[in-house]
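**Q** First, the structure itself, so that you have it in front of you.
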Amino acid sequence: MTTVGDDAANRLARRKRVQFLKKLIIFILVMAILIPTILCIILGVQLHSVRKELKELQAQVKETSVIYSADEVEEETGAEENTDDLVSGVDTSDLDSDLTDDATDELLYDENVRKVYLTFDDGPSSNTEQILDILAEYDVKATFFVVGKEEEKYQALYKRIVDEGHTLGMHSYSHKYDEIYQSVDSYAQDMSKLQEFLYDLTGVECKFARFPGGSSNAVSKVDMRELIDYLDEQEIVYFDWNISSGDASSGYISTDEILTNCMTQLPQYKECIILMHDASNKDTTVEALPMLIEQIQAMEDTIIVPITEDTEPIQHIRNDERMEDN
Ligand SMILES: [Zn+2]
């Protein structure tokens with residue numbers, strides 16, 4: 001009986017072990033399926049959020065490239081390109097020139113920076129090429145208030161002034177005081193003749209002028225205010241000067257005198273428009289030019305710039321009126 005009872009107990013125990021092993025195998029199988037599934041779901045969610053972040057970053061890179069290189073971005077389409085392509089699409093040379101322009105702009109609008117405008121009247125002449133060569137050597141831009149000269153040898157000089165980034169302004173076509181200052185009509189005729197002449201040669205429609213002798217000249221038979229009104233109607237801005245190099249005098253003026261005239265007056269103003277002449281008999285002006293540029297460039301917080309639409313004009317007549325008003 002005891003043996004029979006033992007056998008029964010053994011069978012029961014074995015069945016239990018088999019059942020336990022069966023459960024264990026099923027558990028292991030379930031886990032073998034469940035764990036990778038859960039891992040897959042977690043990884044899937046993570047992948048989704050990483051993709052979202054990547055898209056946001058791509059959008060940011062694209063915005064940056066719009067600022068620096070609009071042309072490049074026009075060619076980019078869709079959001080699928082990788083970031084490397086977008087970054088390499090940015091032309092770094094454009095970036096450099098943008099930064100340089102920004103730096104110059106900053107100086108230009110900085111009230112603490114002295115702006116010096118080199119202006120040359122009466123050209124072109126046999127000295128124009130030399131003046132342009134010197135300006136190019138120092139990478140300095142100036143302003144030329146020119147007259148009408150029809151000789152073949154001068155024609156290319158108007159174009160060279162424009163091509164090399166200088167400002168072309170109008171002085172007068174004939175530069176004959178007794179003709180241009182006879183009436184508003186004669187002045188208007190002379191100036192529109194010059195404007196057309198310069199447009200034909202350079203493609204530039206000049207919007208800057210300087211009166212021969214300045215707006216404060218005592219020669220004109222017409223009230224200068226009438227001529228100024230005419231220029232206003234034509235939307236032409238006239239510029240006088242606050243620093244004279246002294247080279248207008250008919251007699252000889254030395255290089256040293258020109259330099260001294262300019263350099264003693266320069267510290268007085270934040271905006272300096274220097275009057276000089278581009279004429280065949282003004283050799284000392286050409287000789288003084290390199291030293292003048294070097295001495296101006298050596299001054300602190302000072303830049304040499306050409307006249308532009310943003311330049312606040314120095315006007316003898318208007319300035320006098322303002323002083324009277326005050
Ligand atoms: Zn002149």
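Please treat every number below as a calculation from the coordinates, not as lab data. All values reported here derive from a predicted model rather than from experimental measurement. Here Cβ is always computed from backbone atoms with ideal geometry, including for glycine, and neighbour counts include all displayed protein chains.
**Q** Got a sec to turn the phi values of region 221-228 into Karplus ³J(HN,Hα) couplings, 6.51 cos²θ - 1.76 cosθ + 1.60 with θ = phi - 60°, whole Hz, x for Gly and Pro?
**A** 7, 8, 4, 4, 4, 5, 5, 5
**Q** What order, most packed first, do the peptides 250-258, 291-299, 142-150 have when packing is the mean number of other Cβ atoms within 10 Å of each residue? Before the final figure, lay out each step's value.
**A** On the way: 250-258: 12.9, 291-299: 15.7, 142-150: 22.8.
Per-residue Cβ counts within 10 Å, averaged per peptide and sorted highest first, yield 142-150, 291-299, 250-258.
**Q** Could you work out how far apart the two model spin labels at His48 and Met31 are, taking each label as a point 7 Å from the Cα in the direction of the beta carbon, and quote it in nm?
**A** Placing both labels 7 Å beyond Cα along the Cβ direction yields 2.9 nm.
**Q** Efficiency by 1/(1 + (r/R0)^6): what FRET value for Asp163 and Ser250, r their Cβ-Cβ distance, R0 = 35 Å, to the nearest 0.05?
**A** Step by step, r from the Cβ atoms, then E = 0.60.
**Q** With only alpha-carbon atoms counted, please give the Rg and Dmax of region 110-325, in Å.
**A** 16.5, 49
**Q** While we're on this one: Given a Förster radius of 25 Å and the C-beta distance between Val219 and Glu137 as r, what FRET efficiency does 1/(1 + (r/R0)^6) yield to the nearest 0.05?
**A** 0.10
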